[in-house]
Amino acid sequence: MTLPTEAAHQAAVKEFRTLATDEAANRARLLVLRDALHAFEAANGYNPGPPTTVVGRRQVEMFKRRLSKRVSETCQNAKKRRP
């Protein structure tokens with residue numbers, strides 16, 4: 001499935017949101033829509049690049065640090081639980 005226009009993209013987003021209310025029953029269609037939406041958005045510049053402001057870069061760096069800390073804590077806890 002391809003989305004040739006912005007109108008088709010908007011219709012696909014609306015359909016995706018409607019179908020997402022019952023994810024289990026509509027899984028196959030949701031996956032098709034997801035892939036089409038991602039492809040359209042990537043091709044048309046919807047995906048933002050990295051932050052360019054100092055504040056934005058700092059927020060990303062702090063998020064990476066928190067994530068890294070959680071990962072290392074999780075690994076340490078897993079090692080402690082091993083017999």
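Our helix-only sum for the chain, with -39,500 (n - 2.57) per DSSP H run of n ≥ 4 divided by its residues, gives a mean residue ellipticity at 222 nm of -24500 deg cm²/dmol.
Over the chain, calculate the relative contact order: mean separation of alpha carbon pairs under 8 Å at least 6 apart, over the residue count, as a percent. The normalised contact order for the chain reaches 26 percent. Taking θ as phi - 60° and the Karplus parameters 6.51, -1.76 and 1.60, the scalar couplings of region 18-31 work out to 5, 5, 5, 5, 10, 4, 5, 6, 10, 4, 4, 5, 4, 5 Hz in sequence order, x denoting glycine and proline. Estimated at 0.36 nm per residue, the fully extended path between residue 14 and residue 64 surpasses their Cα-Cα distance by 14.7 nm.
Residue by residue, region 51-63 carries 3J(HN,Hα) couplings of x, 10, 8, 4, 4, x, 5, 5, 4, 5, 4, 5, 4 Hz when phi is fed to the Karplus relation 6.51 cos²θ - 1.76 cosθ + 1.60 (θ = phi - 60°); x denotes Gly or Pro.
Under the rule a/c < 1.5 gives rounded, and otherwise a/b versus b/c splits prolate from oblate, where does the chain land using the Cα gyration tensor? Oblate shape, in that a/c is at least 1.5 and b/c is the bigger or equal ratio. Dividing the alpha-carbon radius of gyration of region 27-70 by the rule-of-thumb value 2.2 N^0.38 Å gives 1.68. Considering the dipole of the chain built from charges on the beta carbon (Lys and Arg +1, Asp and Glu -1) around the Cα centre, which of 9, 52, 31 is farthest to its positive end? Farthest towards the positive pole: 52.
Only the coordinates and a few stated rules stand behind these numbers; no lab work does. Just so it is clear, the structure is predicted and the values come from calculations on it, not from any experiment. As a convention, Cβ positions derive from the backbone with ideal geometry for all residues, glycine included, and neighbour counts pool all protein chains shown.
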